[in-house]
Amino acid sequence: MEKKKKVAKEDQLLEFSMRIKKLLEESGLGSQAAVADKLQVEKSAVGKWYRGESWPSAKALIGLSMITHKSIDFLLTGNCSSESLKAGLSDDDFLLLMDVAYILKSGNKTIAGAMRSNIIGLKEAVEDREEFKRMLTALEEKSSHGDKTG
């Protein structure tokens with residue numbers, strides 16, 4: 001019985017490995033170095049995930065979820081029982097909200113601060129997705145031009 005459990009866990013890890021490699025390639029981050037850089041982890045850790053030798057940390061799983069736009073549940077099991085998270089949103093709207101969450105958690109104080117301080121404007125902008133995208137682009141441009149305040 002103990003041996004069956006070990007084999008099942010190894011199979012799950014190998015399935016995760018194949019799933020994550022495919023999803024990262026589809027997202028344009030197939031190389032271990034690119035993934036490591038994006039997630040701020042060691043390249044050797046990504047190599048272990050790719051070879052099915054270890055699981056990513058919880059923090060890395062969150063990052064992988066954001067990069068691939070898949071739920072952690074899906075990343076780990078291949079099943080998505082977390083559809084309730086979408087709460088009736090279209091795929092595009094859900095991905096847009098994932099991008100906003102990523103920006104807020106990214107540590108970019110300029111963008112995150114502006115977004116938090118203008119939450120009412122953002123709420124109104126969500127009703128007009130194009131306006132919301134323009135706001136995000138403007139905030140990103142402001143940040144990339146060296147405004148490091150906040």
Based only on other Cβ atoms within 10 Å, what is the fewest-to-most ordering of Ser71, Ser31, Ser65? Ser31, Ser71, Ser65
In the neighbourhood of Ser57 defined by beta carbon distances under 12 Å, the net charge of the other residues (Lys, Arg +1; Asp, Glu -1) is +1
Please arrange Ile20, Ile62 by counting, for each residue, the other beta carbons lying within 10 Å of its beta carbon, fewest first. Ile62, Ile20
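Each value in this text was obtained by applying a stated rule to the coordinates, not by laboratory testing. Since the structure is predicted, the reported quantities are computational estimates derived from the model, not experimental observations. Positions of Cβ are backbone-derived with ideal geometry, glycine not excepted, and every protein chain shown enters the neighbour counts.
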